[in-house]
Amino acid sequence: MLTGKRIILRAPEREDLKSFHKWQNDEEVMTLARSMPDHVKSMVSIEAEMEKGLKGEDPEVRRYVIQEKSSGKAIGWSSIRFHTWARRYHNAHLGLCIGDKDKWGKGYGTEVTKLLLEEAFEQLNLHKVGWWTFAENKASIALAKKLGFKEEGRLQDQVFFNNQFHDGVVLGLLKSQYDKRPRS
């Protein structure tokens, strides 16, 4: 469990299933979370995905539920997904989604990302973390840059949704850059 001022990042539990079902069937949420709207997902398919995580069957990803401290309510999810090209964990990709739209723009994403960066660099001693989104997701890009990520590249017409292609934006943050950043 990772604890911030207003949120806790905790392991997903079966009682989170209804929230995940709601979020993963919300086109606006999924467009921002995955840079494309997902197809409609059944409760059974989400439960099957969640079951793998509950059993610890995927060692290449750490999944967290974002829980608001004041209400005890789950408001989204986040993850650290390890890159295992060299059979060692040096790099990872961060992901997060605030599923409850009434929590958007209130600083929860910043707090979640700070906790994930602390875990990645200070506990897991990773060398680099990555961030990926589509070019029109200005809020995601601004959040990553605010916390020290540098744009590393753009992938032309990388994803297709809403009947058009969108560029992907790849950002990265090295541990040495994280260590030098101003503490807030």
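Structural remarks
- With eigenvalues of the C-alpha gyration tensor scaled by 5 and rooted, the chain, Å: 23, 21, 17
- Bridging of LYS41 to aspartates and glutamates at a Cα separation below 17 Å is possible for ASP16, ASP26, GLU27, GLU28, GLU49, GLU51, once same-chain residues fewer than 8 apart are set aside.
- Pairs of lysine residues in the stretch 93-163 that meet both criteria, 8 or more places apart or on different chains and Cα atoms under 18 Å apart, total 16.
- For the chain, with +1 on Lys and Arg beta carbons and -1 on Asp and Glu, the positive-most of GLN123, GLY109, VAL159 along the dipole: GLN123
- Per-selection Rg to Rh, the stretch 58-148 - Cα, Kirkwood hydrodynamic radius: 0.97
- For the stretch 105-171, size of Cβ-based charge dipole, Lys and Arg +1, Asp and Glu -1, in debye: 200
- Ordering SER140, HIS21, LEU54 by the projection of their Cα atoms onto the charge dipole of the chain, which places +1 on the Cβ of Lys and Arg and -1 on the Cβ of Asp and Glu, puts SER140 at the extreme positive end.
- Of all DSSP beta bridges confined to the chain, the antiparallel ones make up roughly 90%.
- The stretch 99-137 and the stretch 1-77 have their alpha-carbon centroids 14 Å apart.
- Dipole magnitude of the chain, debye to nearest 20 (Cβ charges: Lys/Arg +1, Asp/Glu -1, about Cα centre): 780
- Cβ-derived FRET efficiency at R0 30 Å, ASP157 paired with VAL61, nearest 0.05: 0.65
Bear in mind these aren't lab numbers, they're just calculated from the coordinates by the rules spelled out. Treat the numbers as computed from the prediction; the structure is a model and nothing was measured. When we count neighbours, we look across all protein chains shown, and the Cβ atoms used for this are built from the backbone with ideal geometry, even at glycine.
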